[in-house]
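Visitor: Below is one structure. I have some questions about it.
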Amino acid sequence: MDAKLISEKAEVLFQKIWNQYISLAPQAEQVKTLFEKTGESSINDHVAYRTLRHPKLGIQSIARHFEPLGYDYKGEYHFDEKKLFAIHLENQWDPTLPKIFISELKLEEFPEDLKKIFKTSLESFDSQLAYQEDFLTSGSLFEKSFKTYKELLKVSEYAAWFYVYGMCANHFTLLINSLKNFNEIKEVNLFLKENNFDLNDSGGEIKGTPDQFLEQSSTKAFQLDVDFLEGTYKVPSCYYEFAKRYPRGSSGDLFQGFITGSADKIFESTDVQD
Ligand code: NI
């Protein structure tokens with residue numbers, strides 16, 4: 001396949017992922033429109049997915065859909081406290097395409113009752129579904145019980161989020177470097193707050209420093225009415241992230257990786273608010 005065709009196919013896929021994302025977090029579209037109104041045409045730095053380490057799922061079940069589009073494995077990241085592992089993929093043909101950040105919950109490190117919830121629910125999951133083209137936008141893989149959601153929440157916010165939302169983008173990320181009217185991440189944050197968007201302030205509004213070649217911020221996850229077996233409840237869905245990258249090394253190329261300490265706090269954007 002030639003590079004142009006790959007880029008076109010990738011654009012179609014990202015549009016589909018975006019459409020699902022804004023159906024879960026309509027405010028994300030408002031954020032995009034807000035920037036467009038100031039004359040910006042935004043570029044996505046990365047799109048993030050979450051999954052479970054399980055033979056039927058795991059990082060590979062997501063990565064395999066991007067690899068035919070020219071995506072290669074790059075960085076690896078460990079989050080010991082949250083019991084997560086993550087990788088990122090970069091497109092070898094088209095550097096304007098977003099990177100893909102995929103994390104997985106290390107199920108084997110969790111207590112038996114949490115493992116059991118997922119193992120039982122996944123017994124009936126047909127592993128072939130993870131190979132189908134629409135897997136990336138297939139949503140929750142479970143019949144959702146609010147009682148189970150609350151049980152998961154006690155052990156891991158990440159597990160509870162995955163149980164409810166499953167296969168969808170957890171966030172899109174605006175690349176601040178691509179903006180004409182904003183240079184500093186704090187200007188972006190101020191603009192968002194002036195327009196009544198709440199930012200995730202876990203670990204401070206800005207995660208990372210120029211010395212780490214990456215600064216990030218994010219909105220708090222938006223609240224969505226979700227249908228459970230017991231009824232409808234509000235659950236944090238997806239959020240929007242903002243990243244400013246800095247040149248590293250003599251080439252002057254922007255750093256393309258991720259900073260574990262910052263990503264650790266960004267994960268908390270989907271925490272349930274008291
Ligand atoms: Ni991110």
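Visitor: Explain nothing, just the number: relative contact order of the chain, from Cα pairs under 8 Å at least 6 residues apart, as a whole percent.
Guide: Relative contact order here is 20 percent.
Visitor: Can I ask one more? Taking H placed 1.01 Å from N in the peptide plane, check which residues at least 5 places from PHE228 or on another chain put their amide H under 5 Å from its amide H.
Guide: Close amide H contacts, sequence-distant or interchain: TYR233.
Visitor: Report, in listed order, any pair from LYS99/LYS150; LYS115/LYS154; LYS186/LYS220; LYS82/LYS154 with a Cα-Cα distance greater than 24 Å.
Guide: With Cα atoms farther than 24 Å apart: LYS99/LYS150.
Visitor: When we measure straight from the Cα of LYS106, which aspartates and glutamates land under 13 angstrom away, once same-chain ones fewer than 8 places off are left out?
Guide: Filter leaves ASP80, GLU81.
Visitor: For segment 1-27 and segment 189-207, what is the separation of their C-alpha centers, rounded to whole Å?
Guide: 26 Å
Visitor: Whole-Hz ³J(HN,Hα) for each residue in segment 55-60, computed from phi via Karplus 6.51 cos²θ - 1.76 cosθ + 1.60 with θ = phi - 60°, x for glycine and proline: what do you get?
Guide: x, 8, 10, x, 3, 4
Visitor: State, to one decimal in nm², a quarter of the convex hull surface area for the C-alpha atoms of segment 3-270, i.e. the direction-averaged projected area.
Guide: 14.1 nm²
Visitor: Using only the C-alpha atoms of segment 181-225, find the volume of their convex hull and express it per residue in Å³.
Guide: Looking at segment 181-225, the number lands at 89 Å³ per residue.
Visitor: With no solvent and one point per C-alpha, what does the Debye sum give as log10 I(q)/I(0) for segment 137-274 at q = 0.17, 0.20 Å⁻¹?
Guide: With no solvent term, the Cα-only Debye profile gives -0.94, -1.15.
Visitor: Restricting attention to the alpha-carbon atoms of segment 60-128, what are Rg (one decimal) and Dmax (integer), both in Å?
Guide: Here Rg and the maximum Cα pair distance are 15.0, 44 Å.
Visitor: HN-Hα J couplings of segment 162-169 from phi, Karplus 6.51/-1.76/1.60, θ = phi - 60°, integer Hz, Gly and Pro as x?
Guide: 3J(HN,Hα) across segment 162-169, in whole Hz: 5, 4, 7, 9, x, 8, 6, 5.
Visitor: With θ taken as phi - 60° and the coefficients 6.51, -1.76 and 1.60, list the Karplus ³J(HN,Hα) couplings across segment 13-21 in order, rounded to whole Hz; mark glycine and proline as x.
Guide: So the J values, rounded to whole Hz, are 4, 5, 5, 5, 5, 4, 4, 5, 4.
Visitor: Moving on to the next point. Near the amide H of LEU52, under 5 Å away, which other amide H atoms are found, from residues 5 or more places off or on another chain, if H is placed in the peptide plane?
Guide: GLY58, LEU105
We did not get these values from a lab; they are worked out from the coordinates using the rules stated. Owing to the predicted nature of the structure, the values given are computational and were not obtained by experimental measurement.
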